[in-house]
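Encoded as structure tokens, the structure appears first; notes follow it.
The values are calculated or read from the model by the stated rules, or taken from the named source; none is laboratory data. Every value quoted in this text rests on a predicted model; they were computed, and no experiment measured them. Here the Cβ is made from the backbone with ideal geometry for all residues, glycine too, and neighbour counts use every protein chain on show.
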Amino acid sequence: MPTYNSIKELTRGLQQGARLLNDMFIKRKTVSIKYDDAVETLDGDENKVRHLIDFGVIVRSGDTLELDDAYQRFFEEVLAVNEDINIASVQTYISKLKLGIHSFLATDNPARRSQYLREIRHTFKSIENATMRNVVDLKRNVEQTYKQEPNFRIKEFRLRDFDEKAGLISELVRQTEKVMDEQTVFFANAAADVGLKQTVSEVREGLHESSHALISISAQIIDYLNRIEYQSKLVKKIRQLKYMKDQLMVEECTDIRSVLGKTNDLWMEKQPKYITRVSLDFLRNDDSALEILNSIRRRLSRKTTVKSRLAGRIDDEYLFENQEISRMFDHAAIMNGFMAQGRDLFSYVWNYEFETPADEEMRLVLFLQLASQYDGRLRYLSETRTVKNIEYPLIYSK
């Protein structure tokens, strides 16, 4: 199976099938993509679909297509939508860290020491990044599982699994902090390395934040599990009651009539508010009405009248009509001219005679716009050329 040999080849291959890859990634959990539908998504260009299959971006199984595992994990991690908590073994990280420290202390070669310091700094940052990323993923997955999973048993199993993974992340934080506290000889020998000091300080702060977040997540998981247990018991009782009602046994096997007879709750109704109006005769003839009227007068006197604020006079500069001229290209006309000749797209745009002068930057922007806007009518080659330090791919009409 062919493979991409450079980042340039990889990005070009992914760009050609961008619409299909986006559609497959969005529907990765719900719908299987048919081969014919994939070809139709790419405007009938079967070569683009075969290219993605040949290079292992897409896996074909019968008549259906799915994203390769490696690319799907890459997209999920970059877009921060992964559902799996990918925490490596705690011992793997710690062993790698200790190996780098022991190797540093065992050699006197400055070049080798510098190499080991870089490895140690990289391992520290890897631990911090893995911890913080997994904490974010764990919090999101816990909330999504509790709110969206309809099955109580599956919801409980997944939450308990998340609780175990939270324990693994906490253990990684604890072991890393233990190494930083106990390896005093190493830090004394590497005291002159400013980069290591900064890295360790940042890692300590990041692990501290992750530790507090894990405490909050663990408490949230416990709360969710308690709610699930309560709701499960409640649903079980309701189902038993429903079964007895369907079998006409509810009155014989329970004391539901006496229980409901003692209950007068109207918890679904709004609390009524009653307004008692004072009669005119009472206000005219009763001396106690004077106190009510004085109270109303004091209350009304405390209210302030808000005067409406008038807008100021409109500035004269807004009363005159101004014109702004912007430069626009007729993409359709340029593409019609390109389709009628045999040169590649970049050369055609680079040497195109516009009615008004256009600099090199405007021509380069126009080339990129046409290449992305009319990709269904163009044929992309892997060959590239260079003009004035600008490397461009050869693109011809189909």
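Sub-6 Å Cβ pairs linking a first residue in the range 90-104 that is of a type in the set (A, V, I, L, M) to a second residue that is part of a helix (DSSP H, G or I), at least 6 apart or interchain, are 90/171; 90/172; 90/175; 94/175; 97/123; 97/179; 101/186, ordered by first then second residue. The sole residue among 338, 346 that is in contact (Cβ under 8 Å) with a residue 40 or more places away in the chain and over 40 Å from the mean Cα position of the chain (by Cα) is 338. I'd like the residue in the range 98-125 that is among the charged types (D, E, K, R) and assigned to a helix (DSSP H, G or I) and, out of all such residues, is nearest to residue 215 (Cα to Cα). This residue is 125. Restricting attention to the range 354-387 and to residues that are assigned to a loop (DSSP other than H, G, I, E, B) and surrounded by 12 or more Cβ atoms within 10 Å (Cβ to Cβ), the residue that is farthest from the chain's Cα centre (by Cα) turns out to be 354.
A count restricted to the range 17-30 and to residues that are more than 21 Å from the chain's Cα centre (by Cα) and over 21 Å from residue 372 (Cα atoms) stands at 0. Filtered by the rule that a residue be farther than 13 Å from residue 217 by Cβ and of a type in the set (Phe, Trp, Tyr), the range 127-161 gives 152, 157.
Taking residue 176 as the residue in question, decide whether it is surrounded by 14 or more Cβ atoms within 10 Å (Cβ to Cβ), of a type in the set (Val, Ile, Thr), in the same structural domain as residue 135 (by TED's automatic domain parsing) and on the phi < 0 side of the Ramachandran plot. Here the answer is yes, as residue 176 does meet what is asked. Among residues of the range 126-137 that are assigned to a helix (DSSP H, G or I) and surrounded by fewer than 17 Cβ atoms within 10 Å (Cβ to Cβ), those with a beta-carbon under 9 Å from a residue that is at pLDDT 85 or above and of a type in the set (Ser, Thr, Tyr) at least six positions away or on a different chain give the pairs 132/210. Every condition in (1) free of Cβ contacts under 8 Å to residues at least 24 places away in the same chain; (2) within 29 Å of residue 383 (Cβ to Cβ) is met by residue 29 except one, and the failing one is (2). Looking at 221, 169, 228, 217, just one residue is in contact with a helix residue (DSSP H, G or I) (Cβ under 7 Å, 6 or more places away or on another chain), modelled with pLDDT of 85 or more and under 30 Å from residue 105 (Cβ atoms), and that residue is 169. For residue 215, the conditions (1) closer than 29 Å to residue 152 by Cα; (2) surrounded by fewer than 11 Cβ atoms within 10 Å (Cβ to Cβ) all hold with the exception of (2).
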